[in-house]
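Let me begin by presenting the structure, written as structure tokens, before commenting on it.
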Amino acid sequence: MVLKGILKKLAALSMAIFCLHAFAANLKIRVIDTNENPVQDAVVYINESLANLVDDSLVIDQLDKEFIPYVTAVRRGSAIDFPNNDDIRHQVYSFSKAKQFELPLYTGNPSRPVVFDKSGAVALACNIHDWMKAYVYVVDTDKFALTDNTGQGALLDLPNGEYEVLVWHPKLGGSAQSTAQRVVLQGEDRELMFSISQKKQFKAWRAPTSISRRGY
């Protein structure tokens, strides 16, 4: 009798899993610029506001006097560590509205991570090395992805329903809301194409490697 009960529970669980996948779909997304070139590191996400925060932990490295990765997408409430793996000191900061912080000159690992508790774009920089730039984009959803070097990304296992999909990129010419597209999912995979305009960005001159001998 016990075995029969276990088998029934397993059968019910299998049916629930089957139903979950039967009524979910994958949304494939491609982002290009106005010249039809693929756009890498674009954040694609569902426009929704989940109330609860998360405590995900991520890392943005500093290596060879660059931030790695260039763009990081996180859900609101996530914490990011900024280890310095160079043999010189860095001073990480941001004046962005979504997050203002400063990590004074340091090597190794800071004493604590930075928590990103407001949605929006956060531009990162190093107060010592002007060419070091990176971005954190904070979203209020758990349905987001980054595009690869072919401009493609995917939002997986989305339940049936109507969604508004947005795109953000550091060079986006306009607001993320201006990119909005609506899509209805009914258990079948769909594809969306975004063509976005890109603004020019100033790129600071990078100092030669020999400068590291001075300790910064």
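The values are calculated or read from the model by the stated rules, or taken from the named source; none is laboratory data. Note that the structure is predicted; figures quoted are calculated from it, not measured. Don't worry about glycine lacking a Cβ; one is built from the backbone with ideal geometry, like all the others, and counts go over all protein chains shown.
General remarks:
- Of the residues making up the range 1-55, those that are modelled with pLDDT of 90 or more and either among the β-branched types (Val, Ile, Thr) or in contact with a Cys (Cβ under 7 Å, 6 or more places away or on another chain) (or both) number 8.
- Whether a residue is of a type in the set (Phe, Trp, Tyr) and in contact with a Ser or Thr (Cβ under 7 Å, 6 or more places away or on another chain) was assessed, and Tyr45 passes this test.
- Residue within the range 125-134 that is closer than 27 Å to Lys200 by Cα and either under 14 Å from the mean Cα position of the chain (by Cα) or among the small types (Gly, Ala, Ser) (or both) present: yes
- In the range 130-187, the residues that are in a loop (DSSP other than H, G, I, E, B), more than 20 Å from Gln40 (Cβ to Cβ) and among the polar types (S, T, N, Q): Thr141, Asn160, Ser175, Gln186
- Listed by position, the strands (runs of 3 or more DSSP E) inside the range 33-120 whose residues that are surrounded by 14 or more Cβ atoms within 10 Å (Cβ to Cβ) and β-branched (Val, Ile, Thr) number at least 2 are 43-46, 71-75, 114-116.
- Residue selected from the range 176-192 under the condition modelled with pLDDT of 95 or more and of a type in the set (S, T, N, Q), by the criterion surrounded by the fewest Cβ atoms within 10 Å (Cβ to Cβ): Gln177
- Sole residue being modelled with pLDDT of 95 or more, under 16 Å from the mean Cα position of the chain (by Cα) and under 17 Å from Ile128 (Cα atoms), chosen from Phe67, Phe95: Phe67
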